[in-house]
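This report refers to the structure that appears directly beneath it.
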Protein chains: 2
Amino acid sequence: MRDTYTITELTKEFGVSTRTIRFYEDEGLIKPIRRGRTRLFRPSDRVLLKQILRGKRLGFSIAEIREIIEVYKTPSGGEEGQISLMIERIKEKRSELEQKRRDIEDTMREMDEAEETCLERLAELGVSH
Amino acid sequence: MRDTYTITELTKEFGVSTRTIRFYEDEGLIKPIRRGRTRLFRPSDRVLLKQILRGKRLGFSIAEIREIIEVYKTPSGGEEGQISLMIERIKEKRSELEQKRRDIEDTMREMDEAEETCLERLAELGVSH
DNA sequence: CGGATAATTGACTTTTACGTAAATTAACGA
DNA sequence: TCGTTAATTTACGTAAAAGTCAATTATCCG
């Protein structure tokens, strides 16, 4: 496990452009360190990028991903109100995820039906000649 | 179960604007019938809208949703090549959905961890005064 | 039948999430 | 040291997915 990555290494690993990574930096989601002007990404930056891309695949907007990431890095210090509020947000996010999960299951079911129809159709064609 | 719905009924049921529904019509995803100039949505149109919005929640683009919908309405007629191709597309969509499912599970796990950290933190605070 | 209410159309605007291109600068190898 | 990569910055461009606004046109109800 390396201790820093260049931007191009990350673009290759994750299949995104440098522009995309810099965009996430502009948005304040990642804060790589610099050697001179050049960005150096620590393992933690890499993990963040992975989380961002995971959020994107699930259809979350940058704003929503920001919220999710905020939740991940629960401040180990913080007053009771803050923490209770954080727990609330976690619950909300969880129910969004549960909705998405239901959506996936529903879609999967319809895919299964569609495939079965296709297979039946193929069987018919296979027998008929 | 009604046999037609007006556009505003659907906007209320699904929490989307009329513009959104008309946009999906422009894109050819829904084809409501008309009474004069006014749109009338049949139950099948309503189901389509539901499927579109489900796709949206999962982060699929309109183009991708179009593909998914094409898959749903497997042509009951069609030659072998067509049908095999359809089965291929179903497999692809399914693996996209499986990826999303993994992404959800991973995110859920991290949410659980974050919540636990919060709860521990609350316990500490609860004991310390 | 007349006026409020609701739906449509068309055009322009906005937001998000980058793409792209040009100019600049740094780094590295022969 | 010099030239060739490679990375950065700045700024404008763009596609997708609607939002918004204005002008019409039905429609319905008292």
Region B:51-129: Kirkwood hydrodynamic radius (Cα pairs, Å) comes out at 15.9
Sorted shortest first, the nm distances from the B:R2 label point (7 Å along Cα→Cβ) to its counterparts in the other copies are 5.9
For the B:K73, A:K91 Cβ pair and Förster radius 30 Å, calculated FRET efficiency rounded to 0.05 is 0.20
With label points set 7 Å from each Cα along the Cα-to-Cβ direction at A:R2 and B:K12, the distance between them in nm comes to 5.9
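With the radius of gyration and the Kirkwood radius both derived from the Cα set of region B:1-65, what is their ratio Rg to Rh?
Rg divided by Rh gives 0.95.
What is chain A's relative contact order, in percent, from Cα pairs under 8 angstrom and six or more apart in sequence?
Relative contact order, chain A: 16 percent.
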The chain A residue whose Cβ lies closest to the rotation axis carrying chain A onto chain B, with that distance rounded to whole Å, is A:G59, 1
Mean per-residue count of partner chain Cβ within 10 Å for A:112-122 equals 6
Debye calc, one equal point scatterer per Cα of region B:32-91, no solvent, log10 I(q)/I(0) at q = 0.13, 0.20, 0.22 1/Å comes to -0.47, -0.86, -0.94
Of every Cα-Cα pair in the protein assembly as shown, the percentage lying beyond 35 Å is 35
The rounded separation in angstrom of the Cα centers of region B:22-81 and region A:28-56 is 39
Out of B:E13, B:E113, B:E92, a Gaussian network model of chain B with alpha-carbon springs under 10 Å gives the largest mean-square fluctuation to B:E113
Asserting the computed 222 nm helical MRE of chain B (DSSP H runs at least 4 long, -39500 (n - 2.57) per run, divided by residue count, to nearest 500) equals -24000 deg cm²/dmol
Inter-copy distances for A:G28, label 7 Å out on the Cα-Cβ vector, sorted ascending, nm, one decimal, are 4.3
One point scatterer per Cα, no solvent, Debye formula: log10 I(q)/I(0) for region B:10-110 at q = 0.13, 0.15, 0.21 Å⁻¹ comes out as -0.59, -0.75, -1.13
Copies of A:R101 compared via label points 7 Å along Cα→Cβ give distances in nm, shortest first, of 1.2
Too long for a 23 Å Cα-Cα cut-off, among A:K73/B:K56; A:K12/B:K100; A:K12/B:K56; A:K31/A:K91; A:K56/B:K31, are A:K73/B:K56; A:K12/B:K56; A:K31/A:K91; A:K56/B:K31
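Every number here is computed from the coordinates shown, using simple stated rules; none is lab data. Quantities reported herein were computed from a predicted structural model and do not represent experimental measurements. All Cβ positions, glycine included, derive from the backbone under ideal geometry; neighbour counts span all protein chains shown.
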